[in-house]
1. Does any residue in region B:200-226 that is within 8 Å of another protein chain (Cβ to nearest Cβ) come within less than 6 Å, Cβ to Cβ, of a residue that is crowded, with 22+ Cβ neighbours inside 10 Å and part of a loop (DSSP other than H, G, I, E, B) six or more places away or on a different chain, and which pairs are these?
2. Within region B:148-166, track down each residue that is at the interface with chain A (Cβ under 7 Å from one of its Cβ atoms) and surrounded by fewer than 17 Cβ atoms within 10 Å (Cβ to Cβ).
3. Hey, can you tell me all the residues within region A:158-180 that are over 22 Å from A:Glu71 (Cα atoms) and buried (at least 22 other Cβ atoms within 10 Å of the Cβ)?
4. Give region B:233-271 a look and list any residue that's outside any loop (DSSP other than H, G, I, E, B), of a type in the set (A, V, I, L, M) and without any contact (Cβ under 8 Å) to a residue 40 or more places away in the chain, or say none.
5. Here are B:Gly240, B:Gly200: which of them is crowded, with 21+ Cβ neighbours inside 10 Å, in contact with a Phe, Trp or Tyr (Cβ under 6 Å, 6 or more places away or on another chain) and at positive phi?
6. With respect to B:Phe169, is the statement that it is closer than 30 Å to A:Leu98 by Cβ, without any contact (Cβ under 8 Å) to a residue 24 or more places away in the chain and either crowded, with 23+ Cβ neighbours inside 10 Å or of a type in the set (D, E, K, R) (or both) true?
7. Kindly state which helices (runs of 4 or more DSSP H) lie completely within region A:53-160 and contain at least 1 residues that are more than 20 Å from the chain's Cα centre (by Cα) and within 13 Å of another protein chain (Cβ to nearest Cβ).
8. Restricting the search to region B:163-173, which residues are within 13 Å of A:Met56 (Cβ to Cβ) and either modelled with pLDDT under 90 or in a helix (DSSP H, G or I) (or both)?
Amino acid sequence: MIKQVKNPIVEVHDLTVAYDNKPVLWNADFSIPKGKMVGIVGPNGAGKSTLLKAIMGLIPIASGFSKILNENLKQVRHKVAYVPQKESVDWDFPTTVLDVVEMGRYGKKSLFKRLNREDKQIAVEALKKVKMLDFADRHISELSGGQQQRVFIARALAQEAEIYFMDEPFSGVDMASEKAIVDILLQLQEDGKTIFVVHHDLQSAMDYFDWMIFLNTRIVASGPLSEVFTTEILQNTYGGNLSMLEQIGQIYKEKQFPIRES
Amino acid sequence: MFDFWIILTACIIAINSSLLGSFLVLKKLSLIGDALSHAVLPGIVIAFLISGEINSFWMLLGASGFGIFAILLIDWLNRVGGFGKDSSIGIIYTLLFAVGIILITSKAKNADIDVDCVLFGDINTTPLVDKTVGVPTPTFNLIIITIINLIIVSFGLKGFKITSFDKGFAQTLGISIPFWSYLLLGLTSISTVYSFDSVGAIMVIGLLVIPASFANLITRKLKSFLVISILFGIISCISGHLLAVLFDIPTVPTIGVFMGLILITTLIGKTLLPNKLEVKA
């Protein structure tokens, strides 16, 4: 079940990505309306990160294309922010928390100019939003996994984009950080931004997202949470382990029709 | 004036190598200096065979050309062949160095190209060579290159920083990764070649790697990292030369031993006294 929409903010058509001639993403075709919090779920190796990287132009694609705001990525780079997996960088690099967040301001102007006062102010505000201002001068290796993730998100906030692509922002983070990150995402959505999140926990997925993409090399489903969060789609995405999936389907149904307590 | 030219030359090389070496160390590419210093040998020999002169402009051109050629080959092996960076470097530099040795022994027997001189250099003859505007020519060339490097790095600091720290993110901002990476390696290639003459291949590698590694031990901010790296290089060259004169031993190896010992002493000190040896600002 793939729900196509009119006037999508992000659309992907026939997108195929292969490593060593082995497809990791096959014929992905979907469209997403503005202002959604989109969860991308699927088993390990389903191509979730690959999908984000392909849309962000970070890896070569075998066929197909994607459009953002009805333009090619190159024309709208400044409207898109990307949060990579936190394992993708060297956390021993000599740089401070504030330094990293200021990198979010690099794109909008020439790299060869100094950041102006407004840029620095935006970086400080972004740090404030993720509740990390007290850590501004700390070296990035002194942070916990959750704090590192929040710094990455602050950097994305500093980009002041319209669309956010986040690769596993909840992986390896403590409860407090997860809560803080969710609050930030909700605030972004309230401001009319569209957010894509690669996620691996189905149970929290139904709390966080209002649009879901189920992925297993192919797009199994893409649509509003209530339409795609079905046992059948879960099975098609994950295969095997039926009982666990039925249980999750059950939990979801109960959430839909909460049992009123008197 | 004799000692002055030697110390000045060594210091200029130290500034240059420490500056570029800092980024190589941060990108975990420090062995690229090793690779370059050996891979340029065929370029030097071929230029000699064509021009028939030693220490000519052509030799530097040949060497720089082969340096950049080696970088392209390493990059190609790494991207297309799927070899690790370290293996790609090892494959290319042994290949090119071996070609260079064969060329020397078969075609350029009469030439006065001494493999030892390529490896160890001869800084103590600096004051005796031809001069350009009153400065020994090798030193003069190095000063020009160093000024160019300092200007490029100070204007491009953000580019080097973001492409070293987070390539993927830099790419999403539309920043060209190949541009910054070839810029750094190209500058390193040219600087390495010009430094050979004076301090030899081994010490060029030492000056690329050791000052930056020292800075890595004691600071966690990029700007102080670069400053400390450069200062460490300069102080080592001055101290090394003075010690060499004092004990009547060769200058270049003394600088090397001095740097190595200071680095190890600092590491031991840091292990014994954690949190004391850190430059905060």
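The values are calculated or read from the model by the stated rules, or taken from the named source; none is laboratory data. Since the model is a prediction, treat every value here as computed from it, not as a measurement. Cβ: placed from backbone, ideal geometry, glycine included. Neighbour counts: every protein chain shown.
1. Going by the 6 Å Cβ cut-off, the qualifying pairs are B:Arg220/A:Pro94; B:Lys221/A:Pro94; B:Leu222/A:Pro94; B:Leu222/A:Thr95; B:Phe225/A:Pro94.
2. Selection gives B:Phe155 alone.
3. A:Ala158, A:Asp167, A:Pro169, A:Ser177
4. Passing the criteria: B:Ile235, B:Leu242, B:Leu243, B:Ala244, B:Leu246, B:Val257, B:Leu261, B:Ile264, B:Ile268.
5. Of the residues listed, the single one that is crowded, with 21+ Cβ neighbours inside 10 Å, in contact with a Phe, Trp or Tyr (Cβ under 6 Å, 6 or more places away or on another chain) and at positive phi is B:Gly200.
6. Answer is yes for this residue.
7. Of the helices (runs of 4 or more DSSP H) lying wholly inside region A:53-160, those with at least 1 residues that are more than 20 Å from the chain's Cα centre (by Cα) and within 13 Å of another protein chain (Cβ to nearest Cβ) span A:73-76, A:97-102, A:117-129.
8. Answer for region B:163-173, where residues must be within 13 Å of A:Met56 (Cβ to Cβ) and either modelled with pLDDT under 90 or in a helix (DSSP H, G or I) (or both): B:Lys167, B:Gly168, B:Phe169, B:Ala170, B:Gln171, B:Thr172.
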